[in-house]
1. Would you list the strands (runs of 3 or more DSSP E) that sit entirely within region 108-155 and hold 3 or more residues that are open to solvent by 10 Å² or more (accessible area, probe 1.4 Å)?
2. Exactly one condition in (1) closer than 22 Å to H94 by Cα; (2) assigned to a helix (DSSP H, G or I) is false for N17; which is it?
3. Note down all Cβ pairs under 6 Å where the first residue falls in region 91-104 and is open to solvent by 30 Å² or more (accessible area, probe 1.4 Å), the second is modelled with pLDDT of 95 or more and hydrophobic (A, V, I, L, M, F, W, C), and they're at least six residues apart or on different chains.
Amino acid sequence: YYNCSMEEHEISYNEINFYARMIARRVEDTESITHVVGLARGGLVPATVVSYALDKPLLTYGISSYEGSKKTENFHINQSLNLNEVKEKNNNLHILVVDDICDTGDTIKYFTKKLLLAGIRNTTACIYTKEKHTELLDHYGLVVPEDKWIVFPWE
């Protein structure tokens, strides 16, 4: 969650584009991705870049555990995704889950658990991550210190 004592670091669209394309190149070399899922809202811009770079369909899942910059106890699902329907329409379904940052790790854990319960293979990627969450991700662009608050250009 946002802490006033944290140092803010503003990110540019160029940085997002660079790391998203870097992740796409890594994924392209190692995975058999069929779909990209952007976790809305923050993951939509990087997921769109990755989706274009991989030439794979983009799906969205709207989830939030923040109200503004304040972390809440519960997730609010703004846009659901019918995983069974996606699975029925696609053999060998393998989803690349993309988000902007893995700050607490809660969102990635929540969504990948849903995929696991649905029997869907997945790979995870975030543009930025805190060091303590690198093990939750298969791919990431940059590790940021715990005391940095990342400010994205769309915020």
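1. 139-144, 148-151
2. (1)
3. Short answer, once both residue conditions are applied: I101/C126.
To keep it simple, each residue is scored yes or no on (1) open to solvent by less than 40 Å² (accessible area, probe 1.4 Å); (2) under 30 Å from D147 (Cβ atoms); (3) under 12 Å from the mean Cα position of the chain (by Cα); (4) in contact (Cβ under 8 Å) with a residue 60 or more places away in the chain.
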| site | (1), (2), (3), (4) |
| --- | --- |
| E8 | no, yes, no, yes |
| I11 | yes, yes, no, yes |
| N14 | no, yes, no, no |
| A20 | yes, yes, yes, yes |
| T34 | yes, no, no, yes |
| G38 | yes, yes, yes, yes |
| V45 | no, yes, yes, yes |
| D55 | no, no, no, no |
| T60 | yes, no, yes, no |
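The rows are residues; the columns are (1) among the aromatic types (F, W, Y); (2) at pLDDT 95 or above; (3) touching a helix residue (DSSP H, G or I) at 6+ places or on another chain (Cβ under 6 Å).
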| residue | (1), (2), (3) |
| --- | --- |
| C4 | no, no, no |
| I11 | no, no, no |
| D55 | no, yes, no |
| L58 | no, yes, yes |
| L93 | no, no, yes |
| D99 | no, yes, no |
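The values are calculated or read from the model by the stated rules, or taken from the named source; none is laboratory data. All of these numbers come straight from a predicted model, not from anything done at the bench. All Cβ positions, even for glycine, are placed from backbone atoms using ideal geometry, and neighbour counts span all protein chains on display. Please note that ligands, DNA and RNA were not included when accessible areas were found on the heavy atoms of the full protein model with its side chains. Shrake-Rupley method; radii C 1.70, N 1.55, O 1.52, S 1.80 Å.
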